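Working notes, structure below.
The values are calculated or read from the model by the stated rules, or taken from the named source; none is laboratory data. Quick caveat: nothing in here was measured; it's all calculated off a predicted structure. Neighbour counts run over all protein chains shown; Cβ positions are idealised from the backbone, glycine included. SASA here: full protein model, heavy atoms, side chains in, ligands and nucleic acids out. Shrake-Rupley method; radii C 1.70, N 1.55, O 1.52, S 1.80 Å.
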Amino acid sequence: MTQHILAITGKIGSGKSTVSQVLAEQGWAIIDADQIVDDLYQPGERGAAKIQTFFGDEYLKKDGSVSRQKLVRTLLKNTKKWVILNRLIHPVVADEIKRRLHKIQEPKVAIELQIYNERIFSSLFDDIWIIEAPLKTRHQRIAKKFSLPEVEAIEAQQTDLKWPKNATVIKNSGSKNALKSVILQLCPPMK
């Protein structure tokens, strides 16, 4: 069976999860790369081992899982460490995405990526959708979780800004219904 594999990416608060939800309602299988990272950061997993090796034991909780809160606080203060973290974790995430793709039977799969790294991820996808929204809108959507300086620091790490020429840019500054309408035009429901 041939699968059509779509990457959904964009900066924090842009609406990637809403797009994934719309596609899931249309019968698409969804892989969330952030959930994969959560899984890899669990006790005894490859991601936790890499964090422990590079950052140290203090970045693990008592149960052996990664303290993402402590990790993010460190990364916000030192962007060089963020670059290193991406180099450590992206290949492991890509391997896990490939492993999960082999298990999926649905003909259409969308992969939600918080960080798009062209060198590592581009060969996995048939199409790429970049979800864009103004900074003010994105911050309003996630204000309970992050301050504006944190949003700016996080989003600076989210993309290498070298989008493929065939990527589709979707503007998302309106309502969820408006976004859903755009998605359904691009990708009508499966029969």
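Considering the conditions (1) in contact (Cβ under 8 Å) with a residue 40 or more places away in the chain; (2) surrounded by 18 or more Cβ atoms within 10 Å (Cβ to Cβ), residue 66 is excluded by exactly one of them, (1).
Considered as a group, the residues in the range 103-121 that are open to solvent by 40 Å² or more (accessible area, probe 1.4 Å) and assigned to a helix (DSSP H, G or I) include one that is farthest from residue 187 (Cα to Cα), and that residue is 119.
Here is the figure for the range 139-158: residues that are over 19 Å from residue 111 (Cβ atoms) and in contact with a strand residue (DSSP E or B) (Cβ under 9 Å, 6 or more places away or on another chain) total 0. The set of residues in the range 1-13 that are over 19 Å from residue 93 (Cβ atoms) and in a loop (DSSP other than H, G, I, E, B) comprises 1, 2, 13.
A Cβ distance below 7 Å, combined with a sequence gap of six or more or placement on separate chains, defines the contacts here; from the range 98-109, residues that are more than 13 Å from residue 7 (Cα to Cα) and in contact (Cβ under 8 Å) with a residue 60 or more places away in the chain reach residues that are open to solvent by less than 60 Å² (accessible area, probe 1.4 Å) and among the aromatic types (Phe, Trp, Tyr) in the pairs 106/28. For the range 122-129, indicate whether the set of residues that are more than 28 Å from residue 78 (Cβ to Cβ), modelled with pLDDT under 85 and open to solvent by 80 Å² or more (accessible area, probe 1.4 Å) is non-empty. Yes: the range 122-129 contains one or more residues that are more than 28 Å from residue 78 (Cβ to Cβ), modelled with pLDDT under 85 and open to solvent by 80 Å² or more (accessible area, probe 1.4 Å). Of everything in the range 56-79 that is aliphatic (A, V, I, L, M) and at pLDDT 95 or above, the residue that is nearest to residue 35 (Cα to Cα) is 66. Among the residues of the range 134-191 satisfying the criterion of being exposed (fewer than 12 other Cβ atoms within 10 Å of the Cβ) and among the basic types (Lys, Arg), which is modelled with the lowest pLDDT? Step by step, filter the range 134-191, then rank; the result is 191.
So, residue 100, is that one among the basic types (Lys, Arg), over 25 Å from residue 156 (Cβ atoms) and open to solvent by 20 Å² or more (accessible area, probe 1.4 Å) or not?
On the way: among the basic types (Lys, Arg): yes; over 25 Å from residue 156 (Cβ atoms): yes; open to solvent by 20 Å² or more (accessible area, probe 1.4 Å): yes.
Here the answer is yes, as residue 100 does meet what is asked.
Restricting the first member to the range 19-46 and to residues that are farther than 29 Å from residue 175 by Cβ and in a loop (DSSP other than H, G, I, E, B), and the second to residues that are of a type in the set (D, E, K, R) and open to solvent by 60 Å² or more (accessible area, probe 1.4 Å), the beta-carbon pairs closer than 9 Å and six or more apart or on different chains are 41/68; 42/63; 43/61; 43/63.
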